[in-house]
Amino acid sequence: MMKKLFQTFRSMRFGILLLVLIAALSVIGTAIPQGREISWYAQTYRDFHGLILMLKLHDVFHSWYFQLLLVLLGLNLTLCSLVRIRTVIKARGLETDLLLEQPITYPLDAARCTRVREKLLAMRCREEMAGDSVQVYRKYGFGRYGSFITHLSILLTLIFGAAALYLPKVTDQTCFPGEALNMEDGTQIRVESFRIEDGEGNLDFTSEISIRLPDGRESGVHEIKVNHPLSFGAWKVYQQTYSTAGSITVWNLETGLEDTFTLTDLVFLSLDHVNGLWYEALYPDMIRDPSGNVTLISNVSGSYPNPVYQVETASDGVYTPILAFPGDELQVGGLRFTFEDPVEYPGLRIKYTPKAASTLLVISFVLMIAGLYITFFCQPVLVRLDSEGYTVGGPKPEGMQIAIQGWLEETDRKEETL
Amino acid sequence: MMNALFFATLVAYFVATALQFSAIAFKKEGVGKSAWLMFLAAVIAHTVYIVVRGIMAKRIPLSNQFEFSTAFAWGVAVLLVLLHFRVKADWLNAIAMPMTFMILSYAALQPREITDLMPALRSRWFVFHIGSAVISYSAFVIAGCIGLRYILLNKKGREENSLKLRQMDWLSYRLVALGVLMLTVTILTGAIWAEEAWSAFWTWDPKEVWALITWIIYIVYLHLRLRGKKQGTAMAWYVVIAVPVVLFTFAGVNTLMSGLHSYG
């Protein structure tokens, strides 16, 4: 019973079945949009939405059955790899003996045997004597390990991929230039500056940041932008999004104290909670038609070309909406408000991840590419040749058989033409 | 000027295809030779177009659907030329020539203006990721073309174990192997790039998933064919039927599904 189960789990047929099921579920996972609100499925699929939710087809890739398939594939790969390496090592020493025991599969006359020999030597095969007038030609002996390396690397990719997917802690945070984010473990991520455009007006989205670890080590100031995160210790900081905030300097006319506020949301700036200034919004640009009507523009790509503050003064119960521009000043409720240039600030994605998981994953990627290359482009060559003909052996004889027959046919054709 | 060169290339591919069909229909060897020369001229014009576009854009021209389709058609054409010189695969012309023409026709339907490389695509992985995809898709398409030729020859009564068919089957297998290797490079470099850009190696984005589906389809092919257990007509049908999946991954996903790979 156990033996049968073992044979099933390690069989190629089982592996293929798992791959086909993974592919089929993946098709469903792209046909049905994933991870939306439940109400969206109810609206879009009406009668079928219950079935979709019950079968978790709205979140296929995180469903238990999809994960189970991946685990089973991992098991299949483990058993395949173990069996494969054992077979390969066992067969390694026996292949030549087996080849020499076999009768000649392709009888040839002496002239054609010479042609085959020349071709094999031109292919840089190693020639070895294996008895009177019997030669064995070999190449790419290491090619027999290609399949094992490939399977092992896929298994490692599954393991380290899962680690790289589930171990990191990721948070998205905004931070104004000149300020710092304090992380749970005491790490400090400081944004020195941020720019949306470079000096020539091209979109750039670059932050200058530094990381200080709890043990006092510092990264120094580095630029981050899309595709160029900063990695330091177990932290990795990405330039993710950006936004623009209003900036107003408030001067207390009585005390002479002043402070500058960076504003993103609706806020009331006041001394007595009655008289003061409501900050409502900041717009990138506006259009004023000939009759003086103003249309505020809410979307631009890049820096705000002509920022407009939408505010409202509150004075003894009288509210007056006002549009203000950087440099403008207002006085209300014992305060003077100066509208400054807006502040551009980044949205950062902060990832805390053990570096080993990512490094090992990348190593398994390299191993997979090497494994596939060796499997398909360094297939072992093992040919026995004597004065009567030749036999092709080794784990993958097909390519050599076709190649030798092709050479012979080609030379025959050439001779006929001559 | 660039448009003229592009359409001249497209017309040259069409003429080469038409001549190739005429050569088969009227059994004229000379016409077949003309078709091949016309095809070579088209490949040269195509290469010049891509190089000039790259110089004008000051980057590798692979950044949008038009540029990728143009490179894909070029990849198919170059593979056909390589096979012609390496294994004298003239028998492939009648299938691969129209395929090249069709892929370039799809490119002609896309916006052709040269734009700056968007910040998201400015990465050292860009060339490896997209370049390997071009080679991979081209290899799969040519493997499919060989599969189709195999089926047609087999229908004409040629035995499955004849050397010609075995060579075709083997060539198709080798191209699938090349395609799988290159698609693996595409997926893995994409994963590393995704981690640098979006913080995660894998996000189940439709393009990623369809690349994985394509990879699985061809991995299954390689396993079925392993040690010659399944060969011949069945596998020829397999590589032919797999081509629409490749084309869907290439064009269908971008057209029908929104995701992180929607770069125009």
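The values are calculated or read from the model by the stated rules, or taken from the named source; none is laboratory data. Bear in mind that the values here come from a model prediction, so they are computed numbers and not experimental data. Heads up, the Cβs are rebuilt from the backbone with ideal geometry, glycines too, and the neighbour counts pull from every protein chain shown.
Observations, loosely collected:
- When the range A:396-407 is filtered for residues that are at the interface with another protein chain (Cβ under 8 Å from one of its Cβ atoms) and in a loop (DSSP other than H, G, I, E, B), only A:396 remains.
- If the condition is being among the polar types (S, T, N, Q), in a strand (DSSP E or B) and surrounded by 16 or more Cβ atoms within 10 Å (Cβ to Cβ), then the range A:137-192 contributes only A:174.
- Scan of the range B:169-221 for residues that are part of a helix (DSSP H, G or I) and among the polar types (S, T, N, Q), ordered by number: B:172, B:184, B:186, B:189, B:214
- Taken over the range B:196-210, residues that are at pLDDT below 95, surrounded by 20 or more Cβ atoms within 10 Å (Cβ to Cβ), facing chain A (nearest Cβ under 7 Å) and out of contact with any strand residue (DSSP E or B) (no Cβ under 9 Å at 6 or more places or on another chain) amount to 2.
- Count of residues meeting criterion [among the small types (Gly, Ala, Ser) and more than 11 Å from chain A (Cβ to nearest Cβ)] in the range B:211-261: 5
- The range A:193-207, residues that are of a type in the set (D, E, K, R) and either loosely packed, with under 14 Cβ neighbours inside 10 Å or in contact (Cβ under 8 Å) with a residue 24 or more places away in the chain (or both): A:195, A:197, A:198, A:200
- Entirely in the range A:7-72, the helices (runs of 4 or more DSSP H) that have 3 or more residues that are closer than 25 Å to residue B:254 by Cβ and within 21 Å of the chain's Cα centre (by Cα): A:12-31
- Selection of strands (runs of 3 or more DSSP E) fully inside the range A:268-351 by the criterion of at least 1 residues being surrounded by 15 or more Cβ atoms within 10 Å (Cβ to Cβ), within 51 Å of the chain's Cα centre (by Cα) and not acidic (Asp, Glu) returns A:276-283, A:285-288, A:308-315, A:318-324, A:329-332, A:335-339.
- The listed residues are A:237, A:250, and the only one of them that is surrounded by 13 or more Cβ atoms within 10 Å (Cβ to Cβ), at pLDDT 95 or above and more than 30 Å from residue A:349 (Cβ to Cβ) turns out to be A:250.
- Taken together, the criteria exclude residue A:358 from residues that are touching a residue at least 60 places away in the same chain (Cβ under 8 Å), crowded, with 17+ Cβ neighbours inside 10 Å, in contact with a Gly (Cβ under 9 Å, 6 or more places away or on another chain) and not aliphatic (A, V, I, L, M).
- Scan of the range A:1-53 for residues that are in contact (Cβ under 8 Å) with a residue 40 or more places away in the chain and more than 14 Å from chain B (Cβ to nearest Cβ), ordered by number: A:6, A:9
- Screening residue A:417 against (1) facing chain B (nearest Cβ under 9 Å); (2) surrounded by fewer than 17 Cβ atoms within 10 Å (Cβ to Cβ); (3) at pLDDT below 90 leaves a single unmet condition, (1).
- For the range A:363-386, the candidate set comprises residues that are surrounded by fewer than 17 Cβ atoms within 10 Å (Cβ to Cβ) and at the interface with chain B (Cβ under 9 Å from one of its Cβ atoms); within that set, the residue that is farthest from residue A:279 (Cα to Cα) is A:377.
- Exactly one residue out of A:243, A:210 is closer than 20 Å to residue A:343 by Cα and either without any contact (Cβ under 8 Å) to a residue 24 or more places away in the chain or assigned to a loop (DSSP other than H, G, I, E, B) (or both): that is A:210.
- Filter result (over 15 Å from the mean Cα position of the chain (by Cα), aromatic (Phe, Trp, Tyr) and closer than 23 Å to residue B:145 by Cβ) within the range B:86-130: B:91
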